[in-house]
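Asker: Before we start, here is the structure in question, set down as structure tokens.
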Amino acid sequence: MQTEIYEFMRVKPLDINYDYNLRFEVLTTMGKIRKYDLVQVNTPHNYLFSPKAIEILTALCPEQIQIFDTLIQCKDGNITEYKAVNILNEVDVSDPEKSKYKYFDSGRVRGYEKYVFHDDCMGRNHIARDTKFHAPIIISPTLKEAFEKAKIKGCKYWGGD
């Protein structure tokens, strides 16, 4: 059974001993993948992390993530060193008085027109997903600084509207 990468957006612990069969076939070369430390898969909000990025995450916030093996099948071979990361925290990062959301008919948030963060919204967390809108990965200023210092490639930083 192949687990969808969407399981990693639910902000819940996954069975660390289960083989989630995280295999991705890409239409590019191993060299092009390895130019980046974060590689998007399936959705714009799920990434595979390079060993360099994993080293930073495990140093700053090991209790806030779970790490899973992956296989990336490229045109010219396989890559196994990139990892899927399950983020275990969710944080209410947006200011409801200043933000403007888009909703599904069910009432669940599906996106935003304007997204404004609370001051110090991350608290002691270094990596989390938003409580209202699980898709984006939210990181602390400390983690952002560590990624920038290490020249992590493949992510964009956005501080809200």
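The values are calculated or read from the model by the stated rules, or taken from the named source; none is laboratory data. Fair warning: this is a prediction, and the values are worked out from it, not measured in the lab. Glycine also receives a Cβ, built like all others from the backbone with ideal geometry; neighbour counts cover every protein chain displayed.
Asker: Go through segment 80-93 residue by residue and tally those that are in contact with a Phe, Trp or Tyr (Cβ under 9 Å, 6 or more places away or on another chain) and touching a residue at least 40 places away in the same chain (Cβ under 8 Å).
Answerer: Matching residues across segment 80-93 total 6.
Asker: Now, a different point. Take segment 38-63 and flag every residue that is modelled with pLDDT of 95 or more and not hydrophobic (A, V, I, L, M, F, W, C).
Answerer: 50, 51, 52, 55, 58, 62, 63
Asker: Looking only at residues in segment 46-65 that are touching a strand residue (DSSP E or B) at 6+ places or on another chain (Cβ under 7 Å) and either surrounded by fewer than 17 Cβ atoms within 10 Å (Cβ to Cβ) or β-branched (Val, Ile, Thr) (or both), which one is farthest from residue 135 (Cα to Cα)?
Answerer: Per the stated criteria, the residue is 54.
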